[in-house]
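Visitor: Please read through the structure below; I'll follow up with questions.
Read-outs throughout are calculated quantities, based only on the coordinates presented, and are distinct from any laboratory measurement. Keep in mind that what you see is a predicted model, and the values were worked out from it rather than measured. Using ideal geometry, Cβ is built from the backbone for each residue, glycine included, and neighbour counts are taken over all protein chains shown.
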Amino acid sequence: ERAPAKADPVRDIRQRFFLGAFPVATIDGLEGRAIAAVLGLVVSRGYNSEETFFGMLLRAETKGAQGIIGYRENIVFHPDGSRFYTCYGTAVALERR
């Protein structure tokens with residue numbers, strides 16, 4: 001008998017992002033979607049850009065968000081060649097369609 005598949009929240013949020021089900025915008029709104037509530041700033045930091053970005057989405061989701069507006073990112077280049085990423089934006093709840 002097979003063991004049930006373990007939930008992978010990063011894979012799940014990544015899939016929803018790429019399907020357009022968890023929108024991220026650099027502007028202060030989402031075209032065609034009304035914002036029901038602003039849930040606050042979410043920030044994620046790390047040495048891997050993809051993990052940092054999707055970590056931010058997971059933090060937003062734990063606040064009850066269905067999207068992020070005002071997205072920004074910052075990259076710090078260290079002398080040893082490594083990069084440190086910061087991703088941040090405003091988590092928002094969206095009105096139902």
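Visitor: For the stretch 66-79, give me the residue count where each residue is touching a residue at least 40 places away in the same chain (Cβ under 8 Å) and not basic (Lys, Arg).
Guide: Total meeting the criteria: 6.
Visitor: Would you point out which residue out of 26, 52, 62 is free of Cβ contacts under 8 Å to residues at least 60 places away in the same chain, under 14 Å from residue 93 (Cα atoms) and of a type in the set (S, T, N, Q)?
Guide: 62
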